[in-house]
1. How large is the Kirkwood hydrodynamic radius of region 277-357, counting all unique pairs of alpha carbons, in Å?
2. With Rg and the Kirkwood Rh both taken from Cα atoms, where does Rg over Rh land for region 56-174?
3. Under a 5 Å amide H to amide H cut-off, with H placed in plane at 1.01 Å, what residues pair with Thr320 once short-range neighbours are removed?
4. If the viscosity is 0.692 mPa s and the temperature 37 °C, what translational diffusion coefficient in µm²/s does Stokes-Einstein give for region 300-416 when Rh comes from Kirkwood over Cα pairs?
5. When Lys and Arg each count +1 and Asp and Glu each count -1, what net charge do the other residues less than 11 Å away from His207, Cβ to Cβ, add up to?
6. For region 163-240, calculate the relative contact order in percent as a whole number, restricting contacts to Cα pairs under 8 Å that are 6 or more residues apart.
7. Largest first, please: the extent of the C-alpha atoms of region 26-105 along each principal axis, to the nearest Å.
8. Given H placed 1.01 Å from N in the peptide plane, which residues other than close sequence neighbours of Ser382 have an amide H under 5 Å from its amide H?
Amino acid sequence: MDKLIVEPSGPLSGEISISGSKNAALPILMACILPRGRIELTNVPHLADIRTSCKLLNILGCQTSFENGTVVVECGDLDPHAPYELVKTMRASVLCLGPLIAALGEAKVALPGGCAIGARPVDMHLKGLERMGATFELTEGYIYGSCDKLRGAHIVLDFPTVGGTEHLMTAAALAEGETILENAAREPEVADLANFLNACGAKISGHGTSVITIQGVPSLTGCEYKVMPDRIEAGTYMMAAPLTGGEIFLRDCPFHELESVVNKLREMGVGVEETPEGVMVRAAKELLAVDVDTQPYPGFPTDMQAQITTLMCLAKGVGTVEENIFENRFMHVMELNRMGANIKIKGSTAIVRGVDKLAGAPVMASDLRASASLVLAGMVASGSTEVQRIYHLDRGYERLEEKLGAVGARIRRVKG
Ligand code: EPZ
């Protein structure tokens, strides 16, 4: 397995361009099962999960090509079977279940297992599809779903699940009649998926709010669509400037979609300035501790929790990080403590006491965002940090060592 060797870096300075959003592209790719005709997606990041999604679409009967940030999809005769070997490597593939039922009246999709950060059940996805008339059988690790024609329904979600909202919105696009999703997720990636589906002829409104209305249509057609920029990649790189005492310009950086992260950085004394081309981030004169609670959008994103925890390790004072979305998303904490951080976990809260410095060490990545937080820590630690199992990182960050290297970070990949 590859690993990254991270040496003391900085102060970082220069410009980083933000890539297209992984968490927008993945549900959009699963929705590509529905339209008839050629679909061209641009600004798609070159990531392992995108390649996995294209592989799944091939297995389901779609032709795909992926080069220079452009994915072209054309679906032929669909096959209803999404195999476990593939679904186990990428949970988001379960989002093909609803579209397959909408397109074929049946689907056999492996039930995604849990992952490092939590059990991640899909009960709300299935309950919503049942409200639309689908029936399911769970046997031997597979979900067998069927329904001659999905019908619109009024669905109130128990929790604003991002994947659940995306799944039901996509399936409802071809259902008979009107579907109303209440307590829907408001994440920008949900809105990007809705914009893609509308570009294919769907009739979706209210996306970005907690009530989304979908008028079913008989069919969808191919389109050309540009994926939104990745706000979590951008937020990750925002941390690199204050950590190393430098300043970084993030080109094509979403600003409004990162308001909760920007507010916390400004509370810590970090300079964040929006410009028409992107966002300038400048180190704080003195980094101050803050309290962070992860919440559904527009609250502070759980996908930025590990990264701001790293920054808080070196802040003056004591801060807290409450993880309210996933049950096991503090695995980076033990690794940060091995680098000299002073973090105690009490239930779903991490208490972070600022220290003067971190020391490099061999550390283990456990999930995508934890990996990024360890790379950030390695740049500011004395000595060398070896981040192992970085296949997690390759799932969600396009050319991370190249992008950070271009602003002065000393990171090299060792092929394992
Ligand atoms: C999406 O995951 C993102 N993944 C995650 O990003 C992100 O952390 C998460 O939304 C929250 O913002 C993609 O978009 C591909 P949820 P998703 O359904 O859809 C529970 C990353 O690092 N739940 O909003 O799986 C669930 O267990 C990844 O890029 C149920 O109980 O998130 C979790 O505790 C990590 N039953 C909470 O809700 C359900 O049916 C939020 O899950 C569905 C979810």
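Coordinate-derived values only; no laboratory data. These numbers were taken from a predicted model, which means no experiment stands behind them. With ideal geometry, Cβ positions are generated from the backbone for all residues, glycine too; neighbour counts draw on all protein chains shown.
1. 13.1 Å
2. On the way: Rg = 14.2 Å, Rh = 14.8 Å.
Rg divided by Rh gives 0.96.
3. For Thr320, whose amide H was placed from the backbone, the distant partners under 5 Å are Val290, Asp291, Val292, Val352.
4. 229 µm²/s
5. -3
6. The value is 33 percent.
7. Over region 26-105, Cα extents along the principal axes are 34, 29, 16 Å.
8. Leu358, Ala359, Gly360
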